[in-house]
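The values are calculated or read from the model by the stated rules, or taken from the named source; none is laboratory data. The structure displayed is predicted, hence computed values, not measured ones. Every residue, glycine as well, gets a Cβ built from its backbone with ideal geometry; the counts of neighbours run over all protein chains shown. Note: areas computed on protein heavy atoms with side chains; ligands, DNA, RNA excluded. Shrake-Rupley method; radii C 1.70, N 1.55, O 1.52, S 1.80 Å.
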Amino acid sequence: MSVLRWWSGLLVAFGLLVLLRIFLPLPFNNEIIIFSIYVIGCNYLLGRVGFISFGQPAYLAVGAYGTAFYLYYFGGNPYVGILVGIVSGIVVSALVGPLFVRLRSDYFALVNLALAVIIFFLMQKVLASVTFGDNGLELLTKMDVTPILDISRPDQFWVFAFVSAFGVWALYKYLDDSVFGACCLAAKANEDKLRFLGYSNYGIRLMAFVVANTTTAFAGALYAVHQGLVSPEMSSPARAADPVVVTILGGVGTLYGPLVGSIAFVGMKDLISKVFGHWELIVGFLLVFVMLAGERGIWGSLEPLLRRWILRQRETDKPVVADAGVKAR
Amino acid sequence: MSNQILEVKGLNAAYGESKVLFDVSIAVRDKQVVGCVGRNGAGKSTLLKSIAGFLRPTAGNVTSEGVDLVGRTAYAIAGMGIKYVPQDKKVFSDLTVRENLELGSYASGDYNWDPVLAFFPKLKVLLDRKAGYLSGGERQMLMIGRAILGKPKLLLVDEPTEGLAPSIVTHLKDVFRELSKSAALVIVEQNLPMICGIANKIYALNEGRLVAELTDPEQIRPEVCEPYL
Amino acid sequence: QSAGPKIKVGILLPLTGPFAAVAETQKQGALLAVDVINKRGGLNMPEGKVQIEGVVDDDESKLDVGVRRYRYLVDQGVKGVGGQTWAPLAYAINALVSRDPKPYFPVCVQAKEAFQKGKIAPSTFAAAYSPWTVGYMAGTQAVKTLGKKKIFFLARSDSWGWDIRDGVYAAAKENGAEIVGYDEASLGTSDFTTILQKVRAAKPDVFIAAQFAADSVALLKQVHQMGLNKEMTIFNAFITNVVAKGLPPEALQGVYAMHYFYYDLAGFPDQEVAKQAAEFTKLFRDKYGYPPDAYAAIAYIAYMEMFRGFEQAKSYDAPKVTAALMANGGKFDSVKGPASWREDHQAAFKYGAFLVKGKGPGEQKSEWDLFTVQGSMGGDAILPPLKSLGY
Amino acid sequence: MSTDPRAEIIRAEGVTKRFKGLVAVDNVSFVLREFDVAGIIGSNGAGKTTFFNLVTGYYPPDEGRIYFKGQDVTRMPPEQRVDLGMMRTFQLTATFDSLTVVDNLVLSYFRAYEKPSLLALFFNTCKSRRNNPKIVEILETFNLADLRDRVVKNLSLGEKRRLEIAMSILADPSLLLLDEPLAGLAESEIKMLLDVLKARVGRQTILIVEHKLSHVQDFLQRLTVMHEGRVIAEGPCEECLRHPEVRRSYWQIATEAGEGEAVA
Amino acid sequence: MIDPQLLLSGVIFGLSMGSVFFLMTVGLSLCFGLMRIISLDQLLYYSVGAYLTYSVSLAVGNVWIGALAGVAVAGATALFVERFVFLRIYARDITFSMITSFGILIGGIGVIKVIWGLVPRPVPVPIEAQWNILGTDVPVYRLAVVVLALLVYAGIWLFLNKTIIGKAIRAGIEDVEHVEGLGINVYRLFTLTFVIAGALSGLAGGLHAPLIMVFPDMGLEVLAFAFMVVIIGGLGSIKGTFISAFLVGQVVSIGSLIYAPLAQMAPFAIMLLILLIKPTGLYGSAMLKR
Ligand SMILES: Nc1ncnc2c1ncn2[C@@H]1O[C@H](COP(=O)(O)OP(=O)(O)OP(=O)(O)O)[C@@H](O)[C@H]1O
Ligand SMILES: Nc1ncnc2c1ncn2[C@@H]1O[C@H](COP(=O)(O)OP(=O)(O)OP(=O)(O)O)[C@@H](O)[C@H]1O
Ligand SMILES: [Mg+2]
Ligand SMILES: [Mg+2]
């Protein structure tokens, strides 16, 4: 029973994603799934650990290049490629993490940005002989056709991405329940106290950093396979704010915020840019409006309403119990 | 129209959905020292916050000398000479003690620190220290000192003796006595001997309701108040 | 109005971002081509006259966005796609097209290596060649026409800039000029003063720069402010009207550049081309109120070729369109004179580009009166030899 | 040499802490033996909290050494000291504001009783610990049961204080350091807390900084008085309180008798 | 290795770049440091300043008057935005201000496109002369910008240190409630600061316009760079921003003498280094927390 309740939210959310797949074009669906995986790491860092990161593109690029190097130079199996992308995410975040997580939140944001810039220049210039600079690594034609699910084709890729996203969400939902999740929140609230309870504040942040950025790298790996092309532009500083924007748009620290935010953001851009030349104007002011209207982002504002609505539905089914909620103490 | 320096009638206050105060009414005359006691979570701080304009009451009215305070902003209320010293000991930690005091001066237009430094000589040596480094008791002195600049007509103090050494507590008693010559005070306090020593009137709160109002000097004794805590 | 059959073609351009101004003119060129065909009744296809709808979308000059939007266009059933200002994206879409064929007409340069045998998709047709050619033309003109011997070259620090560099170097070597200095600056550089000190110290007789949009405007302005143009010839590898508009006349004065197309060819020796250009300019002016930019012309040519391909092939099928365009030696006629499609799907124009010189404050008679045409270059010679590309 | 057979828990040798010219703790030596119930008093700014911070490792001393259970911990980070059985509360209450009351306790419980590795944090959920008898019991003891699922941010200060103390007592440390635990608590809660603490005497070593001496006087076995960074008196409460310098600096009772005593 | 004369001119031009950077970032730094908001829309006021300089100088024929108009309109725009948007944002988390201001920036760029179109606008240099300084010809206009940057710095320094306002705002960042409790209307001070910041950003745009291309995305282009300059200096410190701007100016200038592409990346690498060594930036205060 309680097991079912645990999964119910996820099932509903991903059920709705299937509906989207039916009604909206494939490129849109693929994009929102990958993008939301991209964002959930940022969301976790910001909402649970209190780290705002303008450098998520760095880890995205790490994952993507991990995958791309494998697929371009070594092998053709996209699944292995994705695995390599994930591993490179773990390696890089474990390497830079120990230096970065010591920093205060706002500075943390900027060292990550610097990392993104450095990775950009590395890939665009320094390593241009292997990365082909901003022309990018073209691997669309290098991928093997895999049995069962051929993820080099957009429609079958969607199935894979969908299942992956489901897994990622289950993981993050579990993380929220875990003691680790509580520790992260605690570290955000009062790091000193956490240390004096005997937890290693540093260790917890480092773990959170690695987990979140590996997720981001995973999204990068998915991008690599999906687009069949990886270029340095992925880690360009001009796009550093995107995941943070979507995080906040969706609702910081909420589980489904990244999904809702991605749908809103990509939808806003893709749809408005179709019908209106000056889409920036609309998107910009829409963003301001959403921010002003709801402090907690779209999902953060929507969720309590939904919850209340569902509760009311339940109450009409059940005999009314005395309202215990308003008691002052 | 009454000319009470503070009159609260039927005040109800809540944080979101959870109600905290129910129909609280208090009155404070000029130059009166009013104590407010109650258990933890009784709503004492909430009462002060609603008076000072940090929390909008859900019902009831608050007036000062006939002027309605409900709906005014906190700085407007402070500008009327009603100063609030919160419980949380938050000083402006990035500023020095001197700058903290300067802010008090700027707000009230009173640049004469002598009374404050006379009340709390300790502050004199601390003037150039960043307030964030102060010890608990030193912060308390700074908070009160900052608030009494500009000679407020009503001072709302939330647990002033918390964290102060006994000698300072005794001293603070004198300070309050001195202050009450020119202002009215509402003091939330757990330290009964102290509050009973200076108060003209004591209100007791419990679970958000006013449960006692002691005005008789005979009754203002720790033993009498004990049960309300 | 006509209820007859209708097709869609994709116009995918960076309508936002640093290249937006250029993209805007490209869009206008493309839509003009659509207009021209529709006015004449539509495409002559076996099923009758077919009207065209140009579906415009924004690629933001970002690879992933561009690829996604391309997929949207395909999803919407467009019969052909064109566009791009950002060269790497053209390359990327070329790769997509080589996997799932679709007539594709990039309207900006595309990396030289994209034209290698096996790399260029059978259905890609590039009317704007590669950066290499841009550099090669600039270098040749600087040395041969202007008679300069010592070159300082400033590239943009990316594959686009390096391609141009290779072109300039090739031209210098061929014509016996010396490269006395080289540097590169990243996209987005806004202050070139220190680099200009270096240029000054190297004492070249011509300073060739390959920058684009905002960067090139900042560069040329600063060149003027520091008086570098008094010491050497300034050659901006290639230019567009939109970019030149960002310069105060005094900074534009005397700057040489290559221009794919300049609307005012009145004094040009080949009056045939001048007439064609004037006709096109009138067409464009009637619709938009000002003369076409080089990129507008390229876009117009590319889309006209796409439509010609459809009509000749009597089909929208990519291989058939390819075959139709390559037939007859790939010869076609454009608003800037005759041209032909080479085996590597680059267009060899008789007038690949015109050598222009910027007009100063006194000389500019109207808002768009920016250059005088001083010469031209074209033919097969300006393109990298087919052999070097593996054909 | 002391002849006390009980093991030493804390030994501080000549610790000094300076802040930009201010000597907050000045050459303090201090010994605490197993199951001692000791108090520190002193005027505001005397250096009590700073001394606590040194003992618990908030920052290292500029001079001197600190031993905990015979081990030199002078430069050991706090989390390791907690591992050895040290637990403290803060003068300005420190709780995890965004968690619920019970989850605050779960964190304390989990760390203290399951000694998890970093990875173990991933593989355990808070939920499975929330109904642990120890936690339920402590909630009852501290009258927090009603507030169990409230987010701490929304508690009154006294409630937070109780929660913080509950967290530290739940961990059952061998050394409990409380920095002004009674501040902000009402009489009834003070009684409750003292009862809880009394029940721990003989099982734990307790060190308390407190200004409300009258409340804890009977409870404390010994007292240390600090003034301007230095220890000025040490010993049983009565004795300390009679000490002339203490009377002068702490109560500012500069009576004739006081002065006379000091001279004598 | 490098010709000393070249190096010297690199230093001189670095100074001029530094002052441009300072003007460009001072608004951001004021908001970031004083009010704890990330006001990316400062770059919008920068663009507005540049465009106004173009339009007005075209009309009256004087770039200086144009720049002045830019300052005024940028300040007015900032006032408008502050009243309608930021007033509701101050109390929230810092990330909110970032996203909201990003929205304003994007939307504002859209408005600029509607008003001025996509085609870049030329702004001429008001002073054509060059002075020879230690063997290097330096455009006088650049020297004027350096002087103006110094003046702006001095003005802000006075504003922050000689008036109580600076202190009140610093206190307000920590705890708005407590400052209000003292009887100070913090938000009015915030408004004032914000408008000053906006006007200064406008000034930066106006002064920068003759050196670069004025086009709609000009603000967006320098965003990451401006941000970085502020960070190297340390949050909350105008002095830090000042020094960091000139430091970055030197790095960019000397960097491009050595190898020009370095100029874009080197400052970021330096930022990374500085933050890893000194996590609060050059002059950041360790205690500022929110
Ligand atoms: N911000 C808040 N949101 C929700 N509930 C709150 C908030 N602040 C206080 N409360 C609740 O309101 C009640 C009264 O709180 P208040 O702070 O007024 O108590 P108090 O009498 O001052 O107690 P103490 O002596 O502990 O300071 C408490 O039950 C508390 O949990
Ligand atoms: N980090 C610091 N930097 C500078 N001075 C400090 C710092 N921490 C404490 N101080 C100063 O050191 C002195 C001792 O402070 P401490 O907090 O130890 O006092 P305390 O005895 O706990 O006082 P209280 O009873 O008021 O809490 C105080 O004067 C305080 O201002
Ligand atoms: Mg209270
Ligand atoms: Mg203390």
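Whenever a residue of the range A:263-287 is more than 7 Å from chain E (Cβ to nearest Cβ) and within 19 Å of A:THR247 (Cβ to Cβ), its partners that are acidic (Asp, Glu) and surrounded by 18 or more Cβ atoms within 10 Å (Cβ to Cβ), lying with C-beta atoms within less than 7 angstrom and at least six residues away or across chains, give the pairs A:VAL266/A:GLU31.
Evaluating B:TRP113 against the criteria (1) within 12 Å of ligand 2 (Cβ to nearest atom); (2) closer than 21 Å to B:ASP174 by Cβ; (3) not basic (Lys, Arg) leaves one unmet condition, (1). Restricting E:LEU275, E:LEU207 to residues that are surrounded by 24 or more Cβ atoms within 10 Å (Cβ to Cβ), in contact with a Phe, Trp or Tyr (Cβ under 6 Å, 6 or more places away or on another chain), touching a residue at least 40 places away in the same chain (Cβ under 8 Å) and of a type in the set (A, V, I, L, M, F, W, C) narrows the list to E:LEU275. Name the single residue that is nearest to B:VAL33 (Cα to Cα) among those in the range B:135-159 being within 16 Å of ligand 4 (Cβ to nearest atom) and open to solvent by 10 Å² or more (accessible area, probe 1.4 Å). Once the filter is applied, the top-ranked residue is B:ARG139.
If you go through the range D:142-181 and keep only what is more than 9 Å from every other protein chain (Cβ to nearest Cβ) and within 16 Å of ligand 2 (Cβ to nearest atom), you end up with D:LEU177, D:LEU178, D:PRO181. Restricting the range D:163-179 to residues that are farther than 10 Å from D:THR95 by Cβ and of a type outside the set (A, V, I, L, M) leaves a set whose member that is nearest to ligand 4 (Cβ to nearest atom) is D:ASP179. Of all residues in the range C:149-191, those satisfying the criterion of being assigned to a helix (DSSP H, G or I) and either within 14 Å of chain E (Cβ to nearest Cβ) or of a type in the set (S, T, N, Q) (or both) are C:SER159, C:TRP160, C:GLY161, C:TRP162, C:ARG165, C:ASN175. So is B:THR161 within 16 Å of ligand 3 (Cβ to nearest atom), within 14 Å of chain D (Cβ to nearest Cβ) and of a type in the set (Val, Ile, Thr) or not? Yes; evaluated as a whole, the condition is true for this residue. Taking the criterion of being at the interface with another protein chain (Cβ under 7 Å from one of its Cβ atoms) and surrounded by 24 or more Cβ atoms within 10 Å (Cβ to Cβ), would at least one residue in the range A:81-99 satisfy it? Looking through the range A:81-99, none of the residues is at the interface with another protein chain (Cβ under 7 Å from one of its Cβ atoms) and surrounded by 24 or more Cβ atoms within 10 Å (Cβ to Cβ).
In the range D:39-70, of all residues being part of a strand (DSSP E or B) and in contact with a Leu (Cβ under 9 Å, 6 or more places away or on another chain), the one that is farthest from ligand 1 (Cβ to nearest atom) corresponds to D:GLY64.
Filtered by the rule that a residue be more than 15 Å from ligand 4 (Cβ to nearest atom) and not in a helix (DSSP H, G or I), the range B:160-175 gives a lone residue, B:PRO160. All of E:GLU128, E:GLU180, E:GLU174 fail the test of being acidic (Asp, Glu) and touching an Asp or Glu at 6+ places or on another chain (Cβ under 7 Å), apart from E:GLU174. State which residue is nearest to D:PHE35 (Cα to Cα) when the search covers only the range D:6-24 and only residues that are within 14 Å of chain B (Cβ to nearest Cβ) and out of contact with any Gly (no Cβ under 6 Å at 6 or more places or on another chain). Residue satisfying both the conditions and the ranking: D:LYS17. The residues on offer are D:VAL82, D:VAL28, and the sole one that is outside any helix (DSSP H, G or I), away from ligand 1 (no atom under 16 Å from the Cβ) and not small (Gly, Ala, Ser) is D:VAL28. Residue under question is D:LEU139, and the condition is that it be away from chain B (no Cβ under 14 Å), within 16 Å of ligand 1 (Cβ to nearest atom), touching a residue at least 24 places away in the same chain (Cβ under 8 Å) and not in a loop (DSSP other than H, G, I, E, B); does it hold? Yes, satisfied.
When the residues of the range B:1-27 are filtered to those that are out of contact with any Ser or Thr (no Cβ under 9 Å at 6 or more places or on another chain) and more than 13 Å from ligand 1 (Cβ to nearest atom), the one that is least open to solvent (accessible area, probe 1.4 Å) is B:ILE26.
For the subset of the range B:128-137 comprising residues that are in contact with a Leu (Cβ under 8 Å, 6 or more places away or on another chain) and more than 16 Å from ligand 1 (Cβ to nearest atom), which member is nearest to D:ILE41 (Cα to Cα)? The residue in question is B:GLY137. Residues that are crowded, with 22+ Cβ neighbours inside 10 Å, in a helix (DSSP H, G or I), more than 16 Å from the chain's Cα centre (by Cα) and within 16 Å of ligand 1 (Cβ to nearest atom) are absent from the range B:191-207.
May I ask you to say which residue of A:GLY198, A:GLY181, A:GLY228, A:GLY250 is within 13 Å of chain D (Cβ to nearest Cβ), modelled with pLDDT under 90 and surrounded by 22 or more Cβ atoms within 10 Å (Cβ to Cβ)? Exactly one residue qualifies, and that residue is A:GLY198. If you go through the range B:140-160 and keep only what is under 11 Å from the mean Cα position of the chain (by Cα) and within 16 Å of ligand 2 (Cβ to nearest atom), you end up with B:MET143, B:ILE144, B:GLU159, B:PRO160. Cβ-Cβ contacts under 6 Å between residues 6 or more apart (or on different chains), taken from a first residue in the range C:301-316 that is without any contact (Cβ under 8 Å) to a residue 24 or more places away in the chain to a second residue that is buried (at least 23 other Cβ atoms within 10 Å of the Cβ), are listed as C:ALA313/C:VAL321. Can you spot a residue in the range C:356-365 that is open to solvent by 10 Å² or more (accessible area, probe 1.4 Å) and part of a strand (DSSP E or B)? Yes - at least one qualifying residue is present in the range C:356-365. Among the candidates B:VAL20, B:VAL91, B:VAL37, the residue that is within 16 Å of ligand 2 (Cβ to nearest atom) and within 14 Å of chain D (Cβ to nearest Cβ) is uniquely B:VAL91. Right, B:VAL67: away from every other protein chain (no Cβ under 14 Å), open to solvent by less than 10 Å² (accessible area, probe 1.4 Å) and either more than 30 Å from D:VAL152 (Cβ to Cβ) or within 15 Å of ligand 1 (Cβ to nearest atom) (or both) or not? Answer is no for this residue. Screening D:PHE51 on (1) within 16 Å of ligand 2 (Cβ to nearest atom); (2) within 14 Å of chain B (Cβ to nearest Cβ); (3) in contact with a helix residue (DSSP H, G or I) (Cβ under 9 Å, 6 or more places away or on another chain) shows it passes everything except condition (3).
From the list E:VAL123, E:VAL71, E:VAL111, E:VAL81, which one is assigned to a helix (DSSP H, G or I), under 22 Å from the mean Cα position of the chain (by Cα) and away from chain A (no Cβ under 14 Å)? The conditions single out E:VAL71. Helices (runs of 4 or more DSSP H) fully within the range C:194-256 that include at least 3 residues being farther than 21 Å from C:SER157 by Cα and either among the charged types (D, E, K, R) or more than 11 Å from chain E (Cβ to nearest Cβ) (or both): C:228-231.
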